Amino acid sequence: MSGWDVLAEAGDRARRGEAFALATVVWREGPSSGKESCRAIVTEDGELHGWIGGACAEPVVLREARQALAEGTPRLLLLGTPERFGTVPAGMTVVPIACQSEGALEIYVEPVVPAPHLVVAGRSPLAHTLVALAAALDWRAELSEDLAVVTGQSYVVIATQGHNDEEALERALARDPAYVGLVGSRRRGEAVLGYLADRGVAADRLARVQVPAGVDLGAVAHREIAVAVLAELVRLRAVRRPVPVVAVDAVDPVCGMTVPPRDPVEYEGVAYHFCCVGCRAAFERDPAAYAKKESRC
């Protein structure tokens, strides 16, 4: 996959509402298999699509990209021996690697977190106000009667207000969104949920429905309820934002490079991991010479 192909795929993933990190090689010092403008996508579960370098660079970029996604902040990585870079400006991160090629790379890692997707069912002034307020926050917000646009990452608000509430809520729950809220009184909500329970909708799905939707602002005007609903969604997004699980890496005892745990060699009860077959072979020839170096697994 070329660098331009990676950008095209990144655009497709962003439009689908997927979170990922985009890694771009911005400088290299040869010999290095990564070239300027080489790019790769790193997904939340640690898959890499594209090319930014060989076995020395890839595990580092995977780890740093997932950490960038977890923190929501970009980073500029300098990969190579520390003495090569001299004084490092603030904001850059030096990641020591000891590739046999003795190359070096500078890689920019940018997390791409999609805007929240809000789908509102209803035609009332409240529904239109809620969509307009969310759009002002750069959310992807839209009105939808059939809720066909709902995905597993969507926030869904049923603001039909007595016009086929039950049918709209049932359609929303069938699409398994991230959030479902029903605008209405607590008594009205109990009636709607009871009706759906009698229709056979699973109890665990009904338990996910927030009713009444929105934070409690007391007695407010009709359009102001939209503010209460959006406030709840903003709060939920802040506390529920998924954080990728970043695996603990190991240190190659031969070259000192950070590597993902894989195909370990055990020596005196400790598992050691390697960046390449050369380091592995060197360790197997004389494990005692390297075992004293730190290794994490």
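The values are calculated or read from the model by the stated rules, or taken from the named source; none is laboratory data. Note that this is a predicted model, so its numbers are computed, not measured. Note that we place each Cβ from the backbone using ideal geometry, even for glycine, and neighbour counts take in every protein chain shown. Note: areas computed on protein heavy atoms with side chains; ligands, DNA, RNA excluded. Shrake-Rupley method; radii C 1.70, N 1.55, O 1.52, S 1.80 Å.
What the table shows:
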{"item": "In Å², nearest 10: area of His163 left accessible to a 1.4 Å probe", "result": "120 Å²"}
{"item": "Relative contact order computed over the range 103-230 (Cα-Cα under 8 Å; 6+ residues apart), in percent", "result": "24 percent"}
{"item": "Between helix 57-71 and the chain: long-axis angle, C-alpha atoms, 0 to 90°, nearest 10", "result": "30 degrees"}
{"item": "GNM flexibility winner over the chain from Ala23, Ala191, Ala159 (Cα, springs under 10 Å)", "result": "Ala191"}
{"item": "For the range 1-155: rounded, prolate or oblate by the Cα gyration tensor [a/c cutoff 1.5]", "result": "prolate"}
{"item": "Inverse of mean 1/r across different Cα pairs in the range 1-61, Kirkwood, Å", "result": "11.8 Å"}
{"item": "Heavy atoms of Thr43 accessible to a 1.4 Å probe, total area in Å² rounded to 10", "result": "10 Å²"}
{"item": "Whether the range 108-152 is rounded, prolate or oblate, judged on the alpha carbon gyration tensor where a/c under 1.5 counts as rounded", "result": "oblate"}
{"item": "Rounded to the nearest 20 debye, dipole of the range 1-77 from Cβ charges on Lys, Arg, Asp, Glu", "result": "140 debye"}
{"item": "Gaussian network model of the chain, Cα within-10 Å springs - most flexible of Gly103, Gly278, Gly269", "result": "Gly269"}
{"item": "Accessible area of Asp138 in the full protein assembly, 1.4 Å probe (Å², nearest 10)", "result": "120 Å²"}
{"item": "Sequence of Val239, Val211 when ordered by accessible area, the most exposed leading, probe 1.4 angstrom", "result": "Val239, Val211"}
{"item": "Angle in degrees between helix 165-174 and the longest Cα principal axis of the chain, rounded to the nearest 10", "result": "20 degrees"}
{"item": "Within the chain, helix-based [θ] at 222 nm, where runs of 4 or more DSSP H residues each add -39,500 (n - 2.57), nearest 500", "result": "-10000 deg cm²/dmol"}
{"item": "Exposure ranking of Ser154, Ser37 by accessible area [1.4 Å probe, largest first]", "result": "Ser37, Ser154"}
{"item": "Ranked by how many other beta carbons lie within 10 Å on average, peptides 5-16, 177-188 from highest", "result": "177-188, 5-16"}
{"item": "Whole-Hz couplings from phi, Karplus 6.51/-1.76/1.60, listed for the range 226-237; x for Gly and Pro", "result": "4, 5, 5, 5, 5, 4, 5, 5, 4, 5, 5, 4"}
{"item": "Rh by Kirkwood over Cα pairs, then Stokes-Einstein D for the chain at 0.890 mPa s and 25 °C, µm²/s", "result": "109 µm²/s"}
{"item": "Stokes-Einstein D in µm²/s, Kirkwood radius over Cα pairs - the range 131-175 at 4 °C with 1.567 mPa s viscosity", "result": "115 µm²/s"}
